[in-house]
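**Q** Structure below; questions to follow.
The values are calculated or read from the model by the stated rules, or taken from the named source; none is laboratory data. This one's a predicted model, so the numbers in the text were calculated from it and none came from an experiment. Note: ideal-geometry Cβ built from the backbone for every residue, glycine included; neighbour counts use all protein chains shown.
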Amino acid sequence: MSKWLTVGIPAYKAEDHICDCLASIQIQTIVDEVSVIIAKDNPSDDYEFVKERFPNLDIKILECEKNTGPGLARQRCADACETEWITWIDADDVFFTTFSLEYLKGGINKDVIEVQGIFYQEITNHPKGVRTVPRNDLFHPWIFGRAYRVEFLKQMGIQFSELRAMEDGEFNWKIRMSIDGSPLKINVIDAPIYLWRTGSEHSITRIGIDDKGIAQYNFDLCQWGATVAAINAVKFCRKKNPFNGALIRFVTEIMIGQYFTYVECLAKKPVFAEQNFFNAKRFYHECYQQIESQIEDEVLKKMYTVQLSGKAADLIDIIPEITFFDFMDKVRTEDYGGDEEFKKIRQSLPKEIVDNDIKTGVAIY
């Protein structure tokens, strides 16, 4: 049986939980059509034991010289891939059903460069026990539950970057803006593919679980990563297609999103509020300012209202007195000091925060 799909697994200190992940691959109805590549992201890890435990899986293990983060580990899987399609799964997650990969295969046709199914987010503290919440939004930035045509990625030069947070957002944003106006398609299928677990103790983006059982994110790393990922995606797509309606729409939505991120940070982690406001200025000066004249005020208001309606349940009690339009005036008129300003902000943070970033290898300055 010829193989059409590679499952790439970035693995960092995953010896204790990678077997659940591999077991969910072994039970797939089309397992004979699948190859597995484990990209070690920690030189001292040893995954050779999985070949004996899962003899029916076609497993290749890629060695590494140092920890580089999940993005570059995923890229190593793509570079070593010999099949027409690739999907990725984190070592602490599982495919949702025994039919998951068969469902993905069923969504392929000649014009499709990506198939997206439903991924479920695990909630552990639900009053009735562990529950899962489905996510099937076309514009969510994560790679979970998606398969990609390898030839398209190579032709377009779409790769994962060195970012350690939102590297998959950058990857997917590049794809979506690259195919705007083309006959290429993303096929969204109504099928359960992926179970995103609450995370291992080694996660650098998920720092705990709130009282509702929902994973909480590292406001330091994630919000900075999201801004840089968006800037990288915009610059990439400007080179590919500068006259792109999807790019203008994306830049505007991200600029509005900077406000909501700042609002949430003020309420939940104010120590990073200054840094997040800097993120907004960076995105404004590097991206939004260049398309601002093309966005009429009424259009901007409508787009803001749409995004607010989607976030109201989370933000209704924490919207501050500063409105989005006051925020934008402040972003436009405040001085922007670039990397030097960012370094000063980082130096003003509590020492334990900076020390932890250095310890985990994710220092962002």
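**Q** Limited to the range 24-53, what total is found for residues that are closer than 22 Å to Thr97 by Cα and out of contact with any helix residue (DSSP H, G or I) (no Cβ under 9 Å at 6 or more places or on another chain)? Lay out the reasoning, then the answer.
**A** Of the residues in the range 24-53, the ones closer than 22 Å to Thr97 by Cα are 24-38, 50, 53.
So of that shortlist, the ones also out of contact with any helix residue (DSSP H, G or I) (no Cβ under 9 Å at 6 or more places or on another chain) come out as 26-27, 32, 35.
Counting residues in the range 24-53 that are closer than 22 Å to Thr97 by Cα and out of contact with any helix residue (DSSP H, G or I) (no Cβ under 9 Å at 6 or more places or on another chain) gives 4.
**Q** Evaluate the following for Val263: is it within 18 Å of the chain's Cα centre (by Cα), modelled with pLDDT of 85 or more and either surrounded by fewer than 17 Cβ atoms within 10 Å (Cβ to Cβ) or among the aliphatic types (A, V, I, L, M) (or both)?
**A** Criteria not met by Val263.
**Q** Still on this structure, I have one more. Which ones in the range 172-201 are part of a strand (DSSP E or B) and of a type in the set (Asp, Glu)?
**A** As a first pass, look at the range 172-201 and keep what is part of a strand (DSSP E or B): 185-196.
Hit for the range 172-201 is Asp190, nothing else.
**Q** Does Phe250 fit the bill of being in the same structural domain as Val306 (by TED's automatic domain parsing), surrounded by 17 or more Cβ atoms within 10 Å (Cβ to Cβ) and over 19 Å from Trp142 (Cβ atoms)?
**A** No; evaluated as a whole, the condition is false for this residue.
**Q** Quick check, is Gly69 among the small types (Gly, Ala, Ser) and surrounded by 22 or more Cβ atoms within 10 Å (Cβ to Cβ)?
**A** No.
**Q** Just one of the numbered conditions (1) at pLDDT below 95; (2) under 24 Å from His17 (Cβ atoms); (3) among the charged types (D, E, K, R) is not true of Arg53; which one?
**A** (1)
**Q** Moving on to the next point. How about the range 1-22: which of its residues are among the small types (Gly, Ala, Ser) and either assigned to a helix (DSSP H, G or I) or at pLDDT 95 or above (or both)?
**A** Gly8, Ala11, listed by residue number.
**Q** Moving on to the next point. Considering every residue within the range 155-171, establish whether at least one is modelled with pLDDT of 90 or more, among the small types (Gly, Ala, Ser), within 17 Å of Trp88 (Cα to Cα) and assigned to a loop (DSSP other than H, G, I, E, B).
**A** yes
**Q** Mind listing just one residue for me: the one in the range 97-122 that is in contact with a strand residue (DSSP E or B) (Cβ under 7 Å, 6 or more places away or on another chain) and part of a loop (DSSP other than H, G, I, E, B) and, of those, nearest to Arg135 (Cα to Cα)?
**A** For the range 97-122, the residue satisfying everything is Thr97.
**Q** Among the residues of the range 90-109, is there at least one that is over 22 Å from the mean Cα position of the chain (by Cα) and modelled with pLDDT under 95?
**A** Looking through the range 90-109, at least one residue is over 22 Å from the mean Cα position of the chain (by Cα) and modelled with pLDDT under 95.
**Q** Checking the structure you have, find out if any residue of the range 289-310 is assigned to a helix (DSSP H, G or I), closer than 20 Å to Lys235 by Cβ, in contact with a Ser or Thr (Cβ under 8 Å, 6 or more places away or on another chain) and modelled with pLDDT of 95 or more. Walk me through it before giving the result.
**A** Within the range 289-310, the first condition is being assigned to a helix (DSSP H, G or I), and the residues that meet it are 289-290, 292-294, 297-310.
Subset that is closer than 20 Å to Lys235 by Cβ: 289-290, 292-294.
Filter once more, so that each one left must be in contact with a Ser or Thr (Cβ under 8 Å, 6 or more places away or on another chain): none.
No, the range 289-310 contains no residue that is assigned to a helix (DSSP H, G or I), closer than 20 Å to Lys235 by Cβ, in contact with a Ser or Thr (Cβ under 8 Å, 6 or more places away or on another chain) and modelled with pLDDT of 95 or more.
**Q** Pick out the one residue from Asp92, Asp168, Asp111 that is surrounded by fewer than 17 Cβ atoms within 10 Å (Cβ to Cβ) and not small (Gly, Ala, Ser).
**A** Asp111
**Q** For residues that are under 27 Å from the mean Cα position of the chain (by Cα) and more than 11 Å from Phe278 (Cβ to Cβ), tally how many sit in the range 328-364.
**A** 15
**Q** A further question on this structure: Taking into account only those residues within the range 270-314 that are among the aliphatic types (A, V, I, L, M) and under 16 Å from Phe325 (Cβ atoms), which is surrounded by the most Cβ atoms within 10 Å (Cβ to Cβ)?
**A** Ala280
**Q** Look through Ile204, Ile143 and report the one residue that is surrounded by 18 or more Cβ atoms within 10 Å (Cβ to Cβ), at pLDDT below 90 and not in a strand (DSSP E or B).
**A** Numbers: Ile143 fails: at pLDDT below 90.
Result of the check over Ile204, Ile143: Ile204.
**Q** For the range 40-75, enumerate the residues that are in contact (Cβ under 8 Å) with a residue 40 or more places away in the chain and not in a loop (DSSP other than H, G, I, E, B).
**A** Asp58, Pro70, Gly71, Leu72, Ala73, Arg74, Gln75
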